[in-house]
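Asks: Take this structure, written in structure tokens, and hold onto it; I'll ask about it next.
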Amino acid sequence: MEYLVNEAVEDYAFLNTSEEPALLKELIDATNQNMGWPQKLSGRLVGRTLKMLSAIHQPKRALEIGMFTGYSALSIAEGMPEDGKLICCETNPRAIEFAQTFYDRSEHGHKIDVVFGRALDTLATLEGPLDFTFIDADKRNYLNYWLAVKELTRPGGLIILDNVLWSGKVVQPESEIDDTLVETNRIIAADPDFENVFLTVRDGLNVVRKLR
């Protein structure tokens, strides 16, 4: 992932953001050592944002599309109430096995239920309402994820989409993925049933609230 702001500024923001718990730091190290594409991990700035939004919103029923090794899931679960449930969609069996070892050791792991398989297939089986969703999976399906999740979300619910700047490629789209993200961002901003704030955190976070 390319830095979208000065690297020194990014590091400054990292150092001046609350630290994640020790278990999540261990998860970062283990992901870097043992898993391919470790840059897919959300990291502190996104993770602490998710934790804070979850803690403020107190979702009872949450969804994550694209779990990877569990950093973002544990961040969301950390902010959820004790009786909250987070459904995580993931297609990589090795990532699921890896993440579960950390869920088993976390005081928040009991809130997380992992579903193996394509997220669109899982979404077709879910019933609403959802209070909180984090979308961070196959970018080619971002518009499909948005269209499905927005129907399942209750009024007042939050939907957060990651990587919506796509290393800045959305400004000058050159590929199918770029075009999909541009269209998804445009549709969200134009929908009168939602309000959103497009944040330039890391690779872009679109924080969306359903109005009605």
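Asks: Report whether or not ASP121 is acidic (Asp, Glu) and surrounded by 15 or more Cβ atoms within 10 Å (Cβ to Cβ). Break it down stepwise before answering.
Replies: On the way: acidic (Asp, Glu): yes; surrounded by 15 or more Cβ atoms within 10 Å (Cβ to Cβ): no.
Considered against the rule, which asks whether it is acidic (Asp, Glu) and surrounded by 15 or more Cβ atoms within 10 Å (Cβ to Cβ), ASP121 comes out as no.
Asks: Provide a single number: the residues in the stretch 43-87 that are over 15 Å from ASP113 (Cα atoms), surrounded by 24 or more Cβ atoms within 10 Å (Cβ to Cβ) and among the polar types (S, T, N, Q).
Replies: Of the residues in the stretch 43-87, 1 are over 15 Å from ASP113 (Cα atoms), surrounded by 24 or more Cβ atoms within 10 Å (Cβ to Cβ) and among the polar types (S, T, N, Q).
Asks: Still on this structure, please answer the following. If a residue must be out of contact with any helix residue (DSSP H, G or I) (no Cβ under 6 Å at 6 or more places or on another chain), assigned to a loop (DSSP other than H, G, I, E, B) and under 14 Å from ILE65 (Cα atoms), how many such residues does the stretch 127-163 contain?
Replies: Residues in the stretch 127-163 being out of contact with any helix residue (DSSP H, G or I) (no Cβ under 6 Å at 6 or more places or on another chain), assigned to a loop (DSSP other than H, G, I, E, B) and under 14 Å from ILE65 (Cα atoms): 3 in total.
Asks: Quick one: which residue in ILE159, ILE135 is under 21 Å from PHE198 (Cβ atoms), surrounded by 23 or more Cβ atoms within 10 Å (Cβ to Cβ) and out of contact with any Leu (no Cβ under 8 Å at 6 or more places or on another chain)?
Replies: Values: ILE135 fails: out of contact with any Leu (no Cβ under 8 Å at 6 or more places or on another chain).
Of ILE159, ILE135, the one residue that is under 21 Å from PHE198 (Cβ atoms), surrounded by 23 or more Cβ atoms within 10 Å (Cβ to Cβ) and out of contact with any Leu (no Cβ under 8 Å at 6 or more places or on another chain) is ILE159.
Asks: Identify all residues within the stretch 164-192 that are outside any helix (DSSP H, G or I), among the β-branched types (Val, Ile, Thr) and closer than 24 Å to LEU53 by Cα; write none if there are none.
Replies: Within the stretch 164-192, the first condition is being outside any helix (DSSP H, G or I), and the residues that meet it are 164-165, 169-175, 191-192.
Then drop every residue that is not among the β-branched types (Val, Ile, Thr), which leaves 164, 170-171.
Selection gives VAL164 alone.
Asks: Still on this model: I'd like to check something: does the stretch 52-68 contain any residue that is of a type outside the set (D, E, K, R), assigned to a helix (DSSP H, G or I) and more than 18 Å from HIS108 (Cα to Cα)? Quick ask: steps written out before the conclusion?
Replies: Of all residues in the stretch 52-68, those of a type outside the set (D, E, K, R) come to 52-59, 62-63, 65-68.
Filter again for assigned to a helix (DSSP H, G or I), leaving 52-57.
Retained after the next criterion (residues that are more than 18 Å from HIS108 (Cα to Cα)): none.
No: zero hits.
Asks: Moving to a separate point now. Taking the stated definitions as given, is PHE116 at pLDDT 95 or above and under 22 Å from TRP166 (Cα atoms)? Steps first, answer last, please.
Replies: Values: at pLDDT 95 or above: yes; under 22 Å from TRP166 (Cα atoms): no.
Criteria not met by PHE116.
Asks: Moving to a separate point now. Give the residue that is nearest to the chain's Cα centre (by Cα), with candidates limited to residues of the stretch 76-120 that are of a type in the set (Asp, Glu), closer than 16 Å to ALA62 by Cβ and not in a loop (DSSP other than H, G, I, E, B). Step through it out loud before you land on a result.
Replies: First pass over the stretch 76-120, keeping only residues of a type in the set (Asp, Glu): 78, 82-83, 90, 97, 104, 107, 113.
Subsequent filtering for residues that are closer than 16 Å to ALA62 by Cβ retains 78, 82-83, 90, 113.
Narrowing further to those that are not in a loop (DSSP other than H, G, I, E, B): 78, 90, 113.
Numbers: GLU78: 14, GLU90: 12, ASP113: 15 Å.
Step by step, filter the stretch 76-120, then rank; the result is GLU90.
Asks: If ALA8 satisfies all but one of (1) surrounded by 15 or more Cβ atoms within 10 Å (Cβ to Cβ); (2) modelled with pLDDT under 95; (3) over 24 Å from ASN144 (Cβ atoms), what's the number of the condition it fails?
Replies: So the condition that ALA8 fails would be (1).
Asks: Residues in the stretch 6-27: is at least one outside any helix (DSSP H, G or I) and closer than 20 Å to TRP166 by Cβ? Please lay out each step first, then the result.
Replies: Initial filter on the stretch 6-27 (outside any helix (DSSP H, G or I)): 6, 16-21.
When the remaining residues are screened for being closer than 20 Å to TRP166 by Cβ, the result is 6.
Yes, because at least one residue in the stretch 6-27 is outside any helix (DSSP H, G or I) and closer than 20 Å to TRP166 by Cβ.
The values are calculated or read from the model by the stated rules, or taken from the named source; none is laboratory data. Treat the numbers as computed from the prediction; the structure is a model and nothing was measured. Every residue, glycine as well, gets a Cβ built from its backbone with ideal geometry; the counts of neighbours run over all protein chains shown.
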